[in-house]
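Here is the structure we will look at, set down as structure tokens.
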Amino acid sequence: MSGTPVRILLARHGETLFNVEGRWQGQSDSPLSARGLAQARELGRALNAEAIAAVYSSDLGRAMQTAHEVATLHGLTVRPEVRLREIDTGGFTHKNWAEIDAEYPGQREIWSKTPASFRMPGGEPLLEAQTRALAFIAETMPRHADQTIVIISHGGIGQAILVNAMGRTVDDLWLTERVDNCQISRLEWTPDDGLKLVELSDVRHLEEVGSLRKWRTTDAA
């Protein structure tokens with residue numbers, strides 16, 4: 001990797017009530033569950049020894065609440081960013097699997113097999129969501145050469161960032177490990193090479209509080 005890298009700690013928000021209920025959140029919101037808040041606090045503790053220069057977060061409440069648990073330990077203010085929002089899940093939003101299958105038969109299976117070419121009814125194409133997130137990274141990272149920054153985002157958009165860092169496309173969205181609530185993935189970014197994955201989905205800090213362990217193609221984002 002050429003150039004002075006930015007070290008990125010990419011994490012998903014804590015578990016929410018909709019996660020527990022199996023409901024798709026998209027760009028709506030649901031509060032953190034008791035375990036989700038505990039996960040966020042453990043994430044903050046896990047990153048407490050890092051020399052963090054900035055904490056960026058999706059502007060949705062579940063991500064901002066998680067990011068606050070990291071930022072306060074470093075005397076930082078969370079920087080909200082709309083481009084880090086979850087994929088707009090359109091007509092799937094607020095629905096569980098059974099409700100989606102009843103209203104949109106067969107469409108969840110298409111999402112699981114060909115996510116790159118699928119648009120949820122009234123929602124956002126995956127490639128467009130990835131493009132906005134990567135545009136934020138390309139625009140913002142030059143300010144943080146040789147620094148460590150935190151990005152708090154979501155399951156779907158976080159996965160889209162990770163496949164890019166692995167040199168893959170959004171067609172490969174489901175080939176990586178699951179993105180658990182409050183997992184930590186370590187990446188580096190340089191102007192010449194963009195994103196590179198260093199470590200994928202560290203969940204060691206969550207051993208005591210536990211995890212839902214469910215986010216995949218059929219789970220709520």
Query raised in the report: Considering only DSSP beta bridges whose two residues both sit in the chain, what percent are antiparallel, to the nearest 5?
Result: 50 percent
Report summary line: From most to least accessible, 1.4 Å probe, no ligand or DNA/RNA atoms counted, H205, H154 line up as H205, H154
Query raised in the report: Among A98, A67, A116, which one shows the biggest mean-square fluctuation in a GNM of the chain, springs joining Cα atoms closer than 10 Å?
Result: A98
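May I ask you to derive the relative contact order of the chain, considering only C-alpha pairs under 8 Å and at least 6 residues apart, and to give it as an integer percent? Let's see the in-between values first.
Working: 477 pairs, mean separation 73.2, N = 221.
Relative contact order here is 33 percent.
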Query raised in the report: Toward the positive end of the charge dipole of the chain, about the Cα centre and with charges on Cβ (Lys, Arg +1; Asp, Glu -1), which of Q25, L73, V163 goes farthest?
Result: L73
Query - Mean ellipticity per residue at 222 nm, deg cm²/dmol - from DSSP H runs of n ≥ 4 across the chain, formula -39500 (n - 2.57) - result: -9000 deg cm²/dmol
Report summary line: Distance in Å, no decimals, from the C-alpha centre of the range 1-58 to the one of the range 113-152 is 15 Å
Query raised in the report: So what is the relative contact order of the range 94-206, in percent, for Cα pairs below 8 Å that sit 6 or more residues apart?
Result: 20 percent
Query raised in the report: Hey, what's the chain come to in accessible area per residue, 1.4 Å probe, Å²?
Result: 41 Å²
Query - Distance (nanometres) between label positions extended 7 Å along Cα→Cβ at D59 and D172 - result: 3.3 nm
Query raised in the report: For the range 16-112, what's the relative contact order in percent, using C-alpha pairs closer than 8 Å and at least 6 residues apart?
Result: 34 percent
Query raised in the report: So for V82, V6, what's the accessible-area order with a 1.4 Å probe, most first?
Result: V82, V6
Query raised in the report: Which shape class applies to the chain: rounded if a/c is under 1.5, otherwise prolate when a/b exceeds b/c and oblate if not, where a ≥ b ≥ c are the square roots of the Cα gyration tensor eigenvalues?
Result: oblate
Query raised in the report: Given a Förster distance of 22 angstrom, what is the FRET efficiency for T4 paired with N48, based on the Cβ-Cβ distance and rounded to 0.05?
Result: 0.35
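The values are calculated or read from the model by the stated rules, or taken from the named source; none is laboratory data. Everything numeric in this text was worked out from a predicted model, so none of it was measured. Note: ideal-geometry Cβ built from the backbone for every residue, glycine included; neighbour counts use all protein chains shown. Note: accessible area is taken over every heavy atom of the protein model, side chains too, but ligands, DNA and RNA are not part of it. Shrake-Rupley method; radii C 1.70, N 1.55, O 1.52, S 1.80 Å.
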